[in-house]
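Worksheet: one structure, shown below.
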Amino acid sequence: MLPTPPGEAQAEHGFTLVEMLVTLLLFGIIASVATTLTASATRSFAATDSALAGVSQLEGARAVLAADLGQAAQRPSMAADGKPMPAFLLTADGFVLVRRGLAGALPNVEKVAWGFDGTALMRQTFPAIDLAGPGQAILMVPGVKAVRLRVAGPQGWQDSWRPENPEDLPRAVEITLVRADGRPVTMKFLVAA
């Protein structure tokens, strides 16, 4: 190593305390911004997943409703207590009908009921068309506060269904679900289309 010429100071190596504090402050700011962005993205992803799950459940229920109503049969049935039921029965919280189109099943028809249990839209099948009660209910759309049903008959849209003939079916069914967040979702279906 060469000797330092007189009058020249030796170069200092390393950082001063002020430089270190400024570096730590900048690192802290960057870390807090990154943490905030990560937390915000996580909340956003969770909200998106929840919304997509709700849409998926609603679309699944819509497809099954369309199939049930689109294959409605003009076939009256008998309730579990032996009382006659029309081909389409509108109840206070849903409806009951007999549908066609079950491939591979005999007698190729099925009796189904849709209804509101106070918190969700449910679907039930019956083990037999006549003289049987409904089977286990299947959850179709959770998080429902209210359900409103209307049917299109000869006089237009109406809140009740009292056909002249027990074989008569409405032309269409309108179902309005009020979701837990208060937003209504209205779906309309043709019957026996």
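The values are calculated or read from the model by the stated rules, or taken from the named source; none is laboratory data. Note that the structure is a prediction, hence the values are computed from the model and not measured. Heads up, the Cβs are rebuilt from the backbone with ideal geometry, glycines too, and the neighbour counts pull from every protein chain shown.
Some values worked out for this structure:
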item: In the stretch 71-108, the residues that are at pLDDT below 90 and either acidic (Asp, Glu) or closer than 13 Å to Asp130 by Cα (or both); result: Pro107
item: Any hit, the stretch 173-184, residues being in a loop (DSSP other than H, G, I, E, B), touching a residue at least 40 places away in the same chain (Cβ under 8 Å) and more than 19 Å from Val55 (Cα to Cα); result: no
item: Pick from the stretch 117-136, criterion under 14 Å from the mean Cα position of the chain (by Cα) and without any contact (Cβ under 8 Å) to a residue 40 or more places away in the chain, ranking: farthest from Ala61 (Cα to Cα); result: Thr119
item: Residue under evaluation Ala192, criteria (1) out of contact with any Gly (no Cβ under 8 Å at 6 or more places or on another chain); (2) of a type in the set (A, V, I, L, M); (3) at pLDDT below 95, criterion not met; result: (1)
item: Counted residues, the stretch 161-178 - those being of a type in the set (A, V, I, L, M) and surrounded by 18 or more Cβ atoms within 10 Å (Cβ to Cβ); result: 4
item: Pick from the stretch 126-156, criterion of a type in the set (Val, Ile, Thr) and assigned to a strand (DSSP E or B), ranking: nearest to Phe189 (Cα to Cα); result: Val151
item: Residue check for Leu139: surrounded by 17 or more Cβ atoms within 10 Å (Cβ to Cβ) and under 13 Å from the mean Cα position of the chain (by Cα); result: no
item: Residue count, the stretch 40-98 (criterion: more than 14 Å from Ala113 (Cα to Cα) and aliphatic (A, V, I, L, M)); result: 9
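So that you can scan it fast, the table gives a plain yes or no per residue for (1) free of Cβ contacts under 8 Å to residues at least 12 places away in the same chain; (2) out of contact with any Pro (no Cβ under 9 Å at 6 or more places or on another chain):
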position	(1), (2)
Ala31	yes, yes
Leu37	yes, yes
Ala41	yes, yes
Gln57	no, no
Ala66	no, yes
Gly70	no, yes
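Rundown of residues vs (1) at pLDDT 95 or above; (2) small (Gly, Ala, Ser); (3) closer than 20 Å to Gly70 by Cβ, yes/no style:
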site: Ile129; (1), (2), (3): no, no, yes
site: Val151; (1), (2), (3): yes, no, yes
site: Glu164; (1), (2), (3): no, no, no
site: Val173; (1), (2), (3): yes, no, yes
